[in-house]
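Written out below as structure tokens is the structure these notes cover.
Each reported figure results from applying straightforward, stated rules to the coordinates on display, with no laboratory input. What you see is a predicted model, and the numbers here were worked out from it, not measured in a lab. Here the Cβ positions follow ideal geometry from the backbone for every residue, glycine too, while neighbour counts run over all protein chains shown.
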Amino acid sequence: MEVTANLSQNSSNSSQEDAFQHLFKQHYSLVVRKILIIVKEQAVAEDIAQEVFMKLYHTDRRAIQNMPGWLTKVAVNTAYNHIRSEKRHQARNDKQKIYEKNAMGSAEDGYMMREDIDEVQKTLMKLSERDRDILIMKFSGYSYEEIARSKGVDKISVGSLIARAKKRFKQCYMDERREI
């Protein structure tokens with residue numbers, strides 16, 4: 001009895017694999033074309049298309065009523081996520097290059113930079129823990145979604161929280177500068 005159960009399970013897996021391969025062959029070029037409109041690089045578009053089909057593989061395909069529409073939507077969203085991720089990565093690299101360039105300055109420049117960093121750190125320590133964390137995460141390149149998850153707030157309120165934290169930081173920083 002077990003042998004027949006295993007055989008039927010294997011044939012069901014095989015038919016699901018065949019169905020997925022058929023969907024892949026049928027829609028792959030559509031997905032790549034849609035992505036290529038956004039990212040403009042063939043190799044990147046193909047990588048993103050693979051990611052889209054991995055999402056499809058792990059999704060209950062019976063719940064999808066319009067397969068080309070679903071694939072197009074997922075492809076476009078994944079392509080835009082890739083672009084945003086690349087922009088954040090590039091911004092971090094640019095900041096690092098600027099930091100490295102500035103780090104090679106004179107001893108006086110190093111002292112002044114260290115003094116500025118100390119002032120910023122002192123000001124950050126005067127803020128609430130939430131404001132401090134939000135600002136540090138924002139300027140470390142975290143996305144709004146990551147900040148929202150970390151702080152347990154809605155993604156739509158992260159922008160307001162950042163703006164308020166910046167305002168409080170600026171006010172505290174200016175008050176600190178006036179005391180000097």
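Given the options Glu46, Glu86, Glu51, name the one that is surrounded by 11 or more Cβ atoms within 10 Å (Cβ to Cβ), over 30 Å from Met137 (Cα atoms) and either under 20 Å from the mean Cα position of the chain (by Cα) or basic (Lys, Arg) (or both). Answer to the check: Glu46. Restricting the search to the stretch 110-131, which residues are in a helix (DSSP H, G or I) and in contact (Cβ under 8 Å) with a residue 12 or more places away in the chain? Within the stretch 110-131, Glu119, Val120, Lys122, Thr123, Leu124, Lys126, Arg130, Asp131 meet the criteria.
Among the residues of the stretch 39-62, those that are of a type in the set (Lys, Arg) and closer than 25 Å to Asp18 by Cβ comprise Lys55, Arg61, Arg62.
Out of Ile136, Ile162, Ile156, one residue alone is surrounded by 17 or more Cβ atoms within 10 Å (Cβ to Cβ), part of a helix (DSSP H, G or I) and out of contact with any strand residue (DSSP E or B) (no Cβ under 6 Å at 6 or more places or on another chain). It is Ile162. So, Glu51, is that one at negative phi and without any contact (Cβ under 8 Å) to a residue 24 or more places away in the chain or not? Taking the combined requirement at face value, the residue does not satisfy it. For the criterion of being surrounded by 11 or more Cβ atoms within 10 Å (Cβ to Cβ), without any contact (Cβ under 8 Å) to a residue 40 or more places away in the chain and assigned to a helix (DSSP H, G or I), Asn77 passes.
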